[in-house]
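Engineer: The structure's right below; bear with me while I get my questions together.
Rule-based calculations on the coordinates, nothing more; no lab input. Here the structure is a predicted model, which means the values were calculated and not measured. When we count neighbours, we look across all protein chains shown, and the Cβ atoms used for this are built from the backbone with ideal geometry, even at glycine.
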Amino acid sequence: MVKDRFRTLKGKPVTARKEVGSVLVVGGGIAGMQAALDLVQNGFHVYMLESSTAIGGVMAQLDKTFPTNDCSMCIMAPKLVECGRDLNIDIITMAEIEEVRGEAGNFEVVIKQYPRYIDPEKCTGCGECARNCPVRAINEYNEGLDLREGVYVKYPQAVPRSYVIDRDACIGCGLCENLCLARAIKYDDKEKTETLHVGAILLVPGFTPYDPTGKPEYGYGRYENVVTSMQYERILSASGPFQGHVQRPSDGKIPKRIAWIQCVGSRDIKDGREYCSSVCCMYAIKQAVMTKEHEADIEPTIFMMDMRCYGKGFEQYYQNAKKNQGVRFIRCRVSEVREDPETKDLIIKYEENGKLKEERFDLVVLSVGLTPPRNFEKLAQKLGIELNPYGFVDTLFRSPLETSKEGIFVAGAFQGPKDIPESVTQGSGAVARIAALLRNVRGTQIKKKEYPPERDVSGEEPRIGVFICHCGINIGAYVNVKEVVEYAKTLPYVVYAEDNLYTCSQDTQNRIKEIIEREKLNRVVVASCTPRTHEPLFQETLREAGLNPYLFEMANIREQCSWIHMHDKEAATQKAKDLVRMAVAKAAKLFPLEEFYLDITQRALVIGGGLAGMVAALEIARGGYEVYLVEKSEHLGGHLRGIYYTNWSPDIQSFLASLINQVELEPRIKVYLNSQIKKVEGFVGNFKTTLETPEGEVVLEHGVAIIATGADKYIPKEYMYGEDKRVLTQAEFEEKIAKGEIDPKKLGRVVMIQCVGSRNDEHPYCSRICCTQAVKNANRILDENPEAEIYILFRDMRTYGFREKFYNELREKGCVFIRYDEEKPPQVKKKGKELVVSVYDELLGDTVEIPVDLLVLSAGIVASRENNEELSKFFKVPLNEDGFFLEAHVKLRPVDFATEGVFLCGLAHSPKHIEETIAQAQAAAARAQTVLSKEKYKAEPKIAAVNEDLCDGCGICEGVCEFGAIEIVTEVVDDKEIKLAKVNEALCKGCGGCIAACPSGAMEQKGFTSDQIYAMIDAALEE
Amino acid sequence: MEWRPKIIVFTCNWCSYAGADLAGVSRLQMPPDFRIIRVMCSARVDPEFVLRAFQRGADGVMVAGCHPGDCHYIGGNYRTRRRMALLKLLLQQFGLNPKRFRLEWISAGEGQKFAEVIREFVDEIKKLGPSPYRQIKKEVRKHG
Ligand code: FES
């Protein structure tokens, strides 16, 4: 019944031009890496062009990431390694674009590659050259805080892990050439040019941190103890200049008082940098919090104008820092930093509530903004793409990832300042656009990976190798890793054990492979972080070493040990030993498992017909796959139906109309209106969803699902909303203006109150869009009626990114901004007929009363809890405390769920703007296509198996199985009829429920056999 | 030296193990007296696993899975609930205080809850003191 629901694709145009199934990704930072990996999974070959000596970008320099305090290197390492080892990603370092010819679908790109003076094919990364190099040069990776050798590798986990000679520093002594056993040194290496043929170009060069020498009043460059936030990241990092100890550059002492100065090189009209850099507030809080974690005695102070913590989980992070972690916030502009020449302390001069003040600090960190990537202006000219006045790529709100030139796309910070998850989202999102452009040549340039034949280990006695990770200082600082290694060596069957700074880095993977061979290992145990993120990486290493990937076990000594027992090193070390012992005990009992593949239904289900859902559906359809789009109401459009204009566009309704039109005309999309999901069965590749439609029940078969169900508007309970008709929400106000029911020309005095239903106990998060919305509506009034008096009562103005401009314009026009404190919110009352708003003005130190004609409430966005709870059960995906869906990883898997084949975008994820929703929907579409573009899907091999000798066919398991994967069959053996349980491998999901139910011990779960679990229990309780 | 309990915690991969990870990511500090054994679903936890742990001297055992209705494998944890209820009765007959055994529902988003449950359970076990089976185990060892 499903089949003929799609109109046949008649008269599909044949492309005349010859398209190329390769893509050039310019930039190897996190956005570039994500895009490259997704492109390959979408069937495209990738050239990754990186200007420096290794990929990784700025994220490789960061210590921790907000709001989870995840270690940056740890979460990024798997992606680095994946990019490094993927056959279909050619990483070209130290290279830039010379010339671009051709057009969308078929570009010819001439690139120039600078000499490395070391042959990366030969270099083993042993580092012997660097250890003996007599010259030193400034270490850019540590932001100039220390020196490196003349022959060096950018950072320990660098990909490619090949050394490079800095010819500016090199004195040509020849030492390294003599020492290098691999003969990799090539003093006569030359510049090369090469021509690449690609179908599309993606620009992801990231950003350049602002250089604060441009602000002499802060003393950067003159005073030793004034550092940039990037330098401070390196100071905090275990691989940094001070090994992760917080020290002052001038004397190496531990500072007692540290100040952060915000908005250095941001929100600065005079400097031509009017925009807000979007990330500095959060990274400053993170640095302050991490500082306290390093040295509890340090007193951090953040000098700021507004705290812009608008992202998912950000506000809670901020409040926690303020209330529980001893971070002090001072709202002001800093006018000057002076040094006390004797102590090298710094005196900060600032103005708070009209009073001039001074305060002394030991160290000052400048929260520098994000500026466009260096040297990209020229390239933009060469490519013929337009930049905005600030030097970032100019994009339209409706196509945030497209440059002004067809076939050239942009993602990440070059599109505008943004944080890691949004860069990752855009990286994926651009892939959807590229897949739409190049869908006819998918898979044409892809090479298949060949693995060495699997070694037969049957009959061998276990030989276990144990690798224990320091994870920088994440484990090393709280667990005595060396001691654990020595202990591991004493365990049964362990023939080898060692520790690594990062077990997950590329060079350690090579090492593990070598050691597997050298020591003839047939089982591997890694003790590091959680298997939920890192198991696949190590399994791949085993595969490459010719071992079955299921001969692997992990001990989680970070999330479940070092991070939760930070104050008791002895106990943490003991626990780490126990966890290693348990893992080794299980490993000894592991046996190889066989993988097999299932067919995929190459069709998507998109739930929610708002902006996010429509964009996701369109992108998947344009990528060449069929889509069911389900909407519960009677029309497409969602919240967009109530948006009439934005700061960027005077006419949202015509944009919406064209979008709906495109959806309706798209032959690959089948829309179900007035429809609700009743039931979901199946799993990735093979979902079966039952819909209730006005025409009755329909069953849809699909391979993936995208949740794009949106959110609700908060309906105010406060400020006399609903009691007085002069009190409106921003959305109602906008609608009335658009429909001519309110004439801005007739408005006298209007007050807007921010954060209504946001940032409070009930809804502790920031709704992100309301500041911009208020600014938009206020601008609209003043444009038509400059005489109107507008007051905006706010807590922090969060017009981040390029939105700052509209905020500034509004201030120019004379709008009055009054900050209120959350403890003293504004009051609304009626005095006679008059509606009066009173608010305590901090600047005046007094309460002001404002009689108003109209009170507009910036009401927030709330999760559709009931709806979400139901869907979360259907698809087995989690919600966060606020009722929004919780993605697989806040930083690096922003649109995925841990449940494979289910993706997320739009307001269902968290509040966001139109352009952000579009990019996120495109990302979800690209991620969904990584599944859809394959015909087969790897099935879970850790499934149930029957020991036929023990099974007596009682059938208990058959009734227990939720997936109908077990059947009792009758077989004839030796002329006797016997009953036996049979497991259908395609249906079994590997929960193990039947095994616990089996009364005769005939059922087993591969990878979790009773034998293996008993071994772990016994090992855990060994004395 | 102060006596430290030994607690075994079985968690399902999808909710409770992830919740434990989240507790770690959030740096929620907990007493170090528990060891997690990961299984794919709480339904994989054979009551015999729990008995074995007690036999080997565990002072407490916890089984943690997704909230009812949230199991990654549809109804796995309903079975767990039934099995563990029976097990609890059995434990009493074996002379174990049923408080030494717990069944908890902890989702992937509940790092906080994971930490709280662990803290509470460790406290509880500390109050109960070493498992009687530990004694038996020791004596067996002593007398051969
Ligand atoms: S997967 Fe968590 S209880 Fe079944």
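Engineer: Stretch A:Thr193-A:Glu498 to full length: gain in nm at 0.36 nm per residue minus the Cα-Cα span? Don't jump to the answer; show the numbers that get you there.
Structural biologist: Working: separation 305, 0.36 × 305 = 109.80 nm, distance 4.27 nm.
The span from A:Thr193 to A:Glu498 would gain 105.5 nm if fully extended.
Engineer: Which of A:His294, A:His565 has the fewest other C-beta atoms within 10 Å, and how do the rest follow up to the most?
Structural biologist: By the 10 Å Cβ count, ascending, the order reads A:His294, A:His565.
Engineer: Which GluC sites (Glu not before Pro) in segment A:419-525 pass both tests, a DSSP loop state and at most 10 other beta-carbon atoms within 10 Å?
Structural biologist: Details: sites: A:Glu422, A:Glu450, A:Glu454, A:Glu460, A:Glu483, A:Glu486, A:Glu498, A:Glu514, A:Glu517, A:Glu519; in loops: A:Glu450, A:Glu454, A:Glu460, A:Glu519.
Within segment A:419-525, the qualifying GluC sites (Glu not before Pro) (loop, at most 10 other Cβ atoms within 10 Å) are A:Glu450.
Engineer: Next up: Only bridges with both residues in segment A:209-370 count here: give the DSSP antiparallel percent, nearest 5. It would help to have the intermediate numbers written out before the result.
Structural biologist: Numbers: 15 of 33 bridges.
The antiparallel fraction comes to roughly 45 percent.
Engineer: Expressed as a whole number of Å, what is the distance separating the alpha-carbon centroids of segment A:331-377 and segment A:676-721?
Structural biologist: Measuring centre to centre over Cα atoms gives 51 Å.
Engineer: Need one number: nm distance between label points at A:Asp90 and A:Glu514, each 7 Å from Cα along Cα→Cβ, rounded to one decimal.
Structural biologist: 2.8
Engineer: If packing is taken as the average number of other Cβ atoms within 10 Å across a peptide's residues, how do A:779-790, A:753-764, A:544-555 rank, most packed first?
Structural biologist: Values: A:779-790: 17.5, A:753-764: 19.6, A:544-555: 22.2.
In decreasing order of mean packing, A:779-790, A:753-764, A:544-555 become A:544-555, A:753-764, A:779-790.
Engineer: Using only the Cα atoms of chain A, construct the convex hull and provide its projected area averaged over every direction, in square nanometres to one decimal. Walk me through the numbers on the way to the answer.
Structural biologist: On the way: hull surface 183.6 nm².
Mean projected area for chain A: 45.9 nm², to one decimal.
Engineer: Further question: Taking Rh as the Kirkwood radius computed over C-alpha pairs, what is the Stokes-Einstein D of segment B:7-143 at 4 °C in a medium of viscosity 1.567 mPa s, expressed in µm² per second?
Structural biologist: On the way: Rh = 15.1 Å.
Approximately 86 µm²/s, per Stokes-Einstein.
Engineer: Follow-up question, since we're still on this one. Taking the Cα centre of the protein assembly as shown as origin, sum charge times position over the Cβ atoms of Lys and Arg (+1) and Asp and Glu (-1), and report the length of that vector in debye to the nearest 20. Walk me through the intermediate numbers first.
Structural biologist: Numbers: 154 positive and 165 negative charges, 179 e Å.
In debye, rounded to 20, the protein assembly as shown gives about 860.
Engineer: Which lysines have a Cα less than 29 Å from the Cα of A:Lys678, not counting those fewer than 8 places away in the same chain?
Structural biologist: Straight-line reach from A:Lys678, under 29 Å: A:Lys3, A:Lys632, A:Lys670, A:Lys688, A:Lys713, A:Lys873, A:Lys876, A:Lys912, A:Lys934, A:Lys936, A:Lys938, A:Lys989.
Engineer: Ok, one more. Students often get this wrong: which residues of segment A:492-510 have the backbone nitrogen under 14 Å from the point 7 angstrom along Cα-to-C-beta of A:Asp1011?
Structural biologist: Backbone N within reach: none found.
Engineer: A further question follows. Write down the percent of antiparallel bridges among all DSSP beta bridges whose residues are both part of the protein assembly as shown, to the nearest 5.
Structural biologist: On the way: 87 of 186 bridges.
Percentage antiparallel, nearest 5: 45.
Engineer: Provide, for segment A:464-588, the number of lysine pairs with alpha carbons under 22 Å apart, each pair being eight or more places apart or on different chains.
Structural biologist: 15
Engineer: Which FRET efficiency value, to the nearest 0.05, is calculated for A:Ser1000 and B:Ala85 with the Förster distance at 25 angstrom and r the Cβ-Cβ distance? Write out the running numbers ahead of the final one.
Structural biologist: Details: r = 23 Å, r/R0 = 0.92.
Calculated transfer efficiency: 0.60.
Engineer: I'd like the distance between the alpha-carbon centres of segment A:780-858 and segment A:867-896, rounded to an integer number of Å.
Structural biologist: Rounded to whole Å, the Cα centres lie 36 Å apart.
Engineer: Subtracting the Cα-Cα distance from 0.36 nm times the residue separation, let me have the gained length for A:Asp271 to A:Glu869 in nm, one decimal.
Structural biologist: Values: separation 598, 0.36 × 598 = 215.28 nm, distance 4.86 nm.
Length difference between fully extended and current span is 210.4 nm.
Engineer: With a cap of 15 neighbouring Cβ atoms within 10 Å, and only residues DSSP puts in a loop, list the GluC sites (Glu not before Pro) found in segment A:172-259.
Structural biologist: On the way: sites: A:Glu177, A:Glu191, A:Glu194, A:Glu217, A:Glu224, A:Glu233; in loops: A:Glu191, A:Glu224.
Within segment A:172-259, the qualifying GluC sites (Glu not before Pro) (loop, at most 15 other Cβ atoms within 10 Å) are A:Glu191, A:Glu224.
Engineer: 5 Å is the cut-off here: which amide hydrogens, built 1.01 Å from N in the peptide plane, fall below it relative to A:Tyr223, excluding neighbours closer than 5 in sequence?
Structural biologist: none
Engineer: Tell me, in nm to one decimal, what length is gained between A:Leu950 and A:Asn760 on full extension, where the rule is 0.36 nm per residue of separation less the Cα-Cα distance?
Structural biologist: Numbers: separation 190, 0.36 × 190 = 68.40 nm, distance 6.05 nm.
Roughly 62.4 nm would be gained on extension.
Engineer: So what J values fall out for segment A:583-589 if you push phi through Karplus, 6.51 cos²θ - 1.76 cosθ + 1.60 with θ = phi - 60°, rounded to Hz, Gly and Pro as x?
Structural biologist: Each residue's phi maps through the Karplus curve to give 5, 5, 4, 5, 4, 4, 9 Hz.
Engineer: Tell me, what is the Rg over Rh of segment A:944-1005, with Rh the Kirkwood radius over Cα pairs? Present the calculation step by step, with values, prior to reporting the outcome.
Structural biologist: Numbers: Rg = 11.0 Å, Rh = 11.5 Å.
Reported Rg/Rh, Kirkwood definition of Rh: 0.96.
Engineer: Kindly state, to the nearest 0.05, the FRET efficiency for A:Glu634 paired with A:Ile347, given R0 = 60 Å and r defined as their beta-carbon distance. Provide the component values of the computation, followed by the final result.
Structural biologist: On the way: r = 65 Å, r/R0 = 1.09.
It comes to 0.40.
Engineer: For a quick check: with amide H placed at 1.01 Å from N, whose amide H comes under 5 Å from A:Ile302's, ignoring anything fewer than 5 positions away on the same chain?
Structural biologist: Under 5 Å from the amide H of A:Ile302 lie the amide H atoms of A:Trp260, A:Arg328, A:Phe329, A:Ile330, each far enough along the sequence or on another chain.
Engineer: Starting from the Cα of A:Lys829, draw a straight line to each of the lysines and keep only those under 16 Å, dropping any in the same chain fewer than 8 residues away.
Structural biologist: Leaving aside lysines fewer than 8 places away in the same chain, those within reach of A:Lys829 are A:Lys717, A:Lys725.
Engineer: From the C-alpha gyration tensor of segment A:713-862, pull out the three semi-axes of the equivalent ellipsoid (sqrt of 5λ each), sorted largest to smallest, in whole Å.
Structural biologist: On the way: eigenvalues 78, 70, 56 Å².
Here the semi-axes work out to 20, 19, 17 Å.
Engineer: Moving on. Report the calculated FRET efficiency for A:Lys256 and A:Lys942 (r = Cβ-Cβ distance, R0 = 60 Å), to the nearest 0.05.
Structural biologist: Once rounded, the FRET efficiency stands at 0.70.
Engineer: Can you work out the base-10 log of I(q)/I(0) for segment A:187-318 at q = 0.10, 0.14, 0.18, 0.20 1/Å, using the Debye formula on its C-alpha atoms alone?
Structural biologist: Listed by q, the Debye log ratios stand at -0.46, -0.77, -1.08, -1.27.
Engineer: Sketch the reach of a paramagnetic label on A:Glu787 as a point 7 Å from Cα along Cα-to-Cβ, and name the residues of segment A:733-747 whose backbone nitrogen lies under 14 Å away.
Structural biologist: In segment A:733-747, the label zone of A:Glu787 (backbone N under 14 Å from the point 7 Å along Cα→Cβ) covers A:744-747.
Engineer: Can you compute 3J(HN,Hα) from phi for each residue in segment A:394-411, using the Karplus curve 6.51 cos²θ - 1.76 cosθ + 1.60 with θ = phi - 60°, rounded to whole Hz and x for Gly and Pro?
Structural biologist: Those phi angles translate into 7, 10, 8, 4, 7, 9, x, 10, 10, 7, 6, 10, 4, x, 10, 10, 9, 8 Hz.
Engineer: Let me ask something additional. Give me a comma-separated list of calculated 3J(HN,Hα) values for segment A:961-969, in order, Karplus coefficients 6.51, -1.76, 1.60 applied at θ = phi - 60°, integers in Hz, x for any Gly or Pro.
Structural biologist: With the stated coefficients, segment A:961-969 comes to 5, 7, 10, x, 8, 10, 9, 8, 10 Hz.
Engineer: In nm, to one decimal, how far is the modelled label at A:Lys678 from the one at A:Ala296, with both set 7 Å along Cα→Cβ?
Structural biologist: Modelled inter-label distance: 5.9 nm.
Engineer: At 7 Å along Cα-to-Cβ for each site, give me the label-to-label distance between A:Lys448 and A:Leu147 in nm.
Structural biologist: The two pseudo-label positions are separated by 5.4 nm.
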